[in-house]
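Asks: Let me begin by handing over the structure; questions about it come next.
The values are calculated or read from the model by the stated rules, or taken from the named source; none is laboratory data. Predicted model, so just to flag it, every value in this text is computed and none were measured. Positions of Cβ are backbone-derived with ideal geometry, glycine not excepted, and every protein chain shown enters the neighbour counts.
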């Protein structure tokens, strides 16, 4: 057991196998594997990728960005050349797959449902009994889309400069690091209202 847990890849593979066994157990009680089953699978994927994405967002903001000024200069390359690039790899791809899984989840409920959410309840004319609920969920979806765009359009391109993955002079690196930090903080700011929308909409409605 110790040998398994010391190997990251093998640990992930075994965890995934166990998850698939659990999913097959749910499939056994949903022999038709209907819309509700695939909705549940899509929600699981959405949650897994979302935890990885938001978890790394919080790591960057609660830990790395705050503590970097306290790290001695001779130790900072260990962060900037080894830890940060690896964390950013999982961060940006988790953001993409969270978004894709979320859209897949919406589509399992039908095209009309997806359009209502993305249009904040305005796709089919105003209906007071349901449209405010679509608007609340849709607001969270659009916050997540903005956060995803921030990752790929602003944070990652500027981090490549700040970390030296892309060649640049010291002034450009400093400016890129500040820009990446500000957009990362923007995503942290948006994350809590986004998560309110995602969790409360699914729980209450």
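Asks: Say we look at segment 124-133 and pick out the residues that are in contact with a helix residue (DSSP H, G or I) (Cβ under 9 Å, 6 or more places away or on another chain) and part of a helix (DSSP H, G or I); which of these is surrounded by the most Cβ atoms within 10 Å (Cβ to Cβ)?
Replies: Ranking the candidates gives 131 first.
Asks: Also, I was wondering about something else. For segment 161-204, which positions are surrounded by fewer than 17 Cβ atoms within 10 Å (Cβ to Cβ) and over 29 Å from residue 120 (Cα atoms)?
Replies: The answer is 164, 165, 166, 167, 168, 169, 170, 171, 172, 174, 175, 178.
Asks: Further question on the same structure: Examine segment 164-175 for a residue that is in contact (Cβ under 8 Å) with a residue 60 or more places away in the chain and assigned to a loop (DSSP other than H, G, I, E, B), and state whether such a residue exists.
Replies: Yes - at least one qualifying residue is present in segment 164-175.
Asks: I'm trying to understand the selection: among the residues of segment 80-89, which are over 14 Å from residue 177 (Cα atoms) and surrounded by 14 or more Cβ atoms within 10 Å (Cβ to Cβ)?
Replies: Matches in segment 80-89: 87 only.
Asks: Take residue 146 and tell me if it is closer than 30 Å to residue 84 by Cβ and crowded, with 17+ Cβ neighbours inside 10 Å.
Replies: The answer is no for residue 146.
Asks: Going by the conditions given, is residue 109 modelled with pLDDT under 95 and within 21 Å of residue 158 (Cβ to Cβ)?
Replies: No, not satisfied.
Asks: Any residue at all in segment 134-156 that is assigned by TED's automatic domain parsing to the domain that holds residue 44, modelled with pLDDT under 95 and either out of contact with any helix residue (DSSP H, G or I) (no Cβ under 7 Å at 6 or more places or on another chain) or not in a helix (DSSP H, G or I) (or both)?
Replies: Taking every residue of segment 134-156 in turn, at least one turns out to be assigned by TED's automatic domain parsing to the domain that holds residue 44, modelled with pLDDT under 95 and either out of contact with any helix residue (DSSP H, G or I) (no Cβ under 7 Å at 6 or more places or on another chain) or not in a helix (DSSP H, G or I) (or both).
Asks: Give me the pairs: first residue in segment 4-17 and free of Cβ contacts under 8 Å to residues at least 60 places away in the same chain, second residue loosely packed, with under 11 Cβ neighbours inside 10 Å and assigned to a helix (DSSP H, G or I), beta-carbon distance under 7 Å, and six or more apart or on different chains, which are they?
Replies: From segment 4-17, the pairs are 10/4; 11/4; 11/5; 14/4.
Asks: I've got another one for you. Please work out if residue 49 is part of a helix (DSSP H, G or I), in contact with a helix residue (DSSP H, G or I) (Cβ under 7 Å, 6 or more places away or on another chain), closer than 30 Å to residue 194 by Cα and free of Cβ contacts under 8 Å to residues at least 12 places away in the same chain.
Replies: no
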